[in-house]
Amino acid sequence: MFTPLRLALRMLGKNPGFSLVAIASLAIGIGATSASFSIVDTLLLRPLPVREPARVMVVTPAKMGAFGTDSSLSYPDYRDLRDGNRTFEGLVASTLWAFAFSPDATIVPKTTYGTYVSGNFFQTLGVRPVLGRGFLQSEDQAVGRDAVVVVRGLHRTWRAHSHNFSAKGDRA
């Protein structure tokens, strides 16, 4: 077994260009495979952290937008679907978004990514925040009221920025 391995290493040493291309090809292939598996594992194989993940469905518009993008629903359309719903136990609205915030107008805002969700998000999915509370029903009704935020992830994110924002009651 060691003789063929020694011969292979000697041949690779004689052709360094070929060796470099072979090693780079293997590295790219292994990296792409592990990245693909990580995405599939995260999106498809792990169950959602909700009460009954097998009963969760994603509903999107049937009409596709330009270049294959899906055209999203407006919030009033979502409310009409939610209120007229006779099929599902509940409907929630969510969309990914980039947020920028700064405690002072003279400081460049920091950008982070998050999700806009409807007020019934936690209740419908059957999950509770680890600390604090979810949204109140009244917070989803009034247009133009103060934004309510639920911080996801590390507690230190909130602690690092909590002194920059005023909190009323038990809002987080």
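Using a Förster distance of 45 Å, how high is the FRET efficiency between Gln137 and Asp104, based on the Cβ-Cβ distance and rounded to 0.05? Mind showing how you got there, number by number?
Numbers: r = 34 Å, r/R0 = 0.75.
Computed FRET efficiency for Gln137 and Asp104: 0.85.
Using R₀ = 35 Å, calculate the FRET efficiency as 1/(1 + (r/R₀)^6) where r is the Cβ-Cβ separation of Ile28 and Leu7; round to 0.05. Walk me through the numbers on the way to the answer.
Working: r = 26 Å, r/R0 = 0.74.
It comes to 0.85.
Rule-based calculations on the coordinates, nothing more; no lab input. Note that the structure is predicted; figures quoted are calculated from it, not measured. With ideal geometry, Cβ positions are generated from the backbone for all residues, glycine too; neighbour counts draw on all protein chains shown.
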